[in-house]
Amino acid sequence: MKSIKDHIMFILPLLAVLIGIEFILIFGRVTKAYEEKLRSDYAIIVSSKKVLTTPYLRSIDSDIESVEAMNKQKIASEVVSNIGKENVDTILKELPHFYRIHLAKYVTVKKLKEIEKELKAIPGMVTVDTFGESYETKRSLFSVVTTLLNIFMTILFLVSILLIIKQMEVWQLAHKERMQIMEIFGAPLMLRSGVLFKMAFVDAIIAALLNLGIFLYVQSKLNNSLLFKYIHADASIFFHVKDFFIWLGVSFIIVIISVLFVAFRASEAIEE
Amino acid sequence: MASVIKAQNLTLAYDKGKNVIIKNATFSIEQGEFVFITGPSGSGKSTLLKSMYGQLKPYDGTLIVGGYDMRKIKRSQLLQLRRNIGIVFQDYKLINEWTVEKNVVLPLIITGYSLDVQKVQAEKLLAHVKLSEQAHKYPLELSGGEQQRVGVARALSKNPFLILADEPTGNLDEFSSGVVWDLLENACDQLNATVLVVTHKIPTIFNIPYRHFIIENGGVHEVH
Ligand SMILES: Nc1ncnc2c1ncn2[C@@H]1O[C@H](COP(=O)(O)OP(=O)(O)OP(=O)(O)O)[C@@H](O)[C@H]1O
Ligand SMILES: [Mg+2]
């Protein structure tokens, strides 16, 4: 059953590539969901002598989404309990306005510093607090995971591509003679490599279907798990139907490149 | 009318001119002619045929085959030319993963003839070369002589305008050789194909007029 082994040796590395791609897609979606959660929980707290409005702040930086006034009364009473009503009113008059500023997206720390600078430059601004440190911690944890994943995926891709090339050499040996005889009788490249294309496309579809099986299975196992709750997402983050077409596209591209590589290498060299 | 093959001061060499096999050969062959090529082993008979189906580029001089200059021919033109040449190889060159029947109609498959046409033509040719019984076998299940006849049938399957046959009876007994000579004679006589046959032994009984080239010491000479 040499031919079944031939197929498996092509399908497995292809499958590894597809699993890698799906991991990247999933991680991209998880990152997005997590960042969205961080973003929606996050606000810059400022105090200002002047009234701040959303359109005004937006004109200063487009990454600012909205501004929300905080209840001065509550702040004042928290700060100064045990003082008379009149005193509170006087203090309130003196107190600046407090605002929570929400950002439109999860920005980098550098960008956050920039926004801080821009806000501080606003006339009448008293304090700006970005809670930069905790923001940075959450962010760096995420970027470590992203870097690790990228390294891992790069290695996985390289190994898979090497395996695919190895298998291509096996195919080339097996098909070279036939392709050369066909060439001597005038068969164009596409006809010569037709069998290979058919074989490889079938393998590509099998690999994509296997991948589909794997991820649907994992998804069903992970449904309602805490992980998803934590990032405010459900299992649908795991597999999107369009992923399947991305896999097919990628494996077809790999197939076409591989087969043409074999076909060109098997082309007869005209002696001179 | 233009010659099917025209060689002028043709020099053929391997290894970029280091190994000259044929030097300054001049000859021309017309449509419908039958040519025997003989010569000692290693003299360059197969090499000359190779240049005619474009696997070896002429080192010097000109070689025109079917209207194409073989030194300037493009890859796509070469494929086009080859689809109309029937070649019999000294080492058969059959496709071992294909049945005998499918091997015979390779030129028809390449040109895109329907399965029905392929079937009819395969049956006819295999009957001619006395291999009807072996149609569904694979080349490696045949004897050398049987494989050689499959190669001959394949070369004839598309009624080519030019047939290049390298020792087509090299492995055959007298009876099978007779079958092959009849087929080649017929292709030339009835279908007006130009036929070049490399052989070490010209058959004693041959029913149509022929020319005879000898390759020796790098030269191509015609025997009159
Ligand atoms: N691919 C090649 N590269 C280099 N030299 C070659 C190649 N093919 C053949 N030769 C050399 O060219 C010479 C002629 O070879 P060719 O095969 O044309 O002889 P031939 O006349 O057909 O001989 P035979 O009757 O034995 O088949 C030989 O000396 C051979 O060694
Ligand atoms: Mg020879």
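Where a number appears in this text, it was derived from the coordinates with a stated rule and is not lab data. The shown structure was predicted, so the numbers you read here are calculated from the model rather than taken from an experiment. Counting neighbours? That spans all protein chains shown, and the Cβs are built from the backbone with ideal geometry, glycine included.
Using Cβ point charges alone (K and R +1, D and E -1), the dipole size of chain A about the Cα centre works out to roughly 440 debye. Its residue count N sets the reference 2.2 N^0.38 Å, and the alpha-carbon radius of gyration of region A:43-130 equals 1.20 times that reference. Return the FRET efficiency for the residue pair residue B:191, residue B:60: r is the Cβ-Cβ distance, R0 is 41 Å, and the value is rounded to the nearest 0.05. Rounded to the nearest 0.05, the efficiency is 0.75. Computed from label points 7 Å out along Cα-Cβ, the spacing between residue A:202 and residue A:121 is 6.7 nm.
Taking 21 Å as the straight-line reach from the Cα of residue A:113, the lysines in range (excluding those fewer than 8 positions away in the same chain) are A:37, A:105, A:138.
Distance between the C-alpha centres of region B:1-58 and region B:98-158: 28 Å, rounded to the whole angstrom.
For region B:15-61, the Cβ-based charge dipole about the Cα centre amounts to some 280 debye (Lys, Arg positive; Asp, Glu negative; other atoms uncharged). With a cut-off of 15 Å on the backbone N, the residues of region B:200-224 near the modelled label site 7 Å out from residue B:20 along Cα-Cβ are B:216-220.
Do the alpha carbons of any pairs in A:32/A:110; A:32/A:221; B:18/B:201 sit beyond 24 Å of each other, and which pairs?
Pairs exceeding the cut-off: B:18/B:201.
For chain A, the share of alpha carbon pairs falling in successive 5 Å distance bins from zero is 1, 5, 9, 10, 10, 9, 8, 8, 7, 6, 6, 5, 4, 4, 3, 2, 1, 1, 1, 0, 0, 0 percent.
The label-point distance for residue A:268 and residue A:108, in a model that sets each label 7 Å from Cα toward Cβ, rounds to 5.8 nm. Give the distance, in whole Å, between the Cα centre of region A:236-272 and the Cα centre of region A:119-192. A separation of 15 Å, based on Cα centres. Past 21 Å, Cα to Cα, is the threshold; run B:72/B:93; B:6/B:74; B:16/B:45; A:72/A:111; A:72/A:93; B:23/B:74 against it and keep the listed order. B:72/B:93; A:72/A:111; B:23/B:74, as the Cα separations exceed 21 Å there.
By DSSP, the beta bridges lying fully in region B:3-223 are antiparallel in about 55 percent of cases.
Applying the Kirkwood pairwise sum to the alpha-carbon positions of the protein assembly as shown produces a hydrodynamic radius of 29.6 angstrom.
So if I average 1/r over every pair of distinct C-alpha atoms in chain B and take the inverse, what Kirkwood radius in Å does that give? Result for chain B, one decimal place: 17.8 Å.
Just how large is the dipole of chain B about the Cα centre, in debye to the nearest 20, putting +1 at every Lys and Arg Cβ and -1 at every Asp and Glu Cβ?
On the way: 24 positive and 22 negative charges, 206 e Å.
Here chain B has a charge dipole of around 980 debye.
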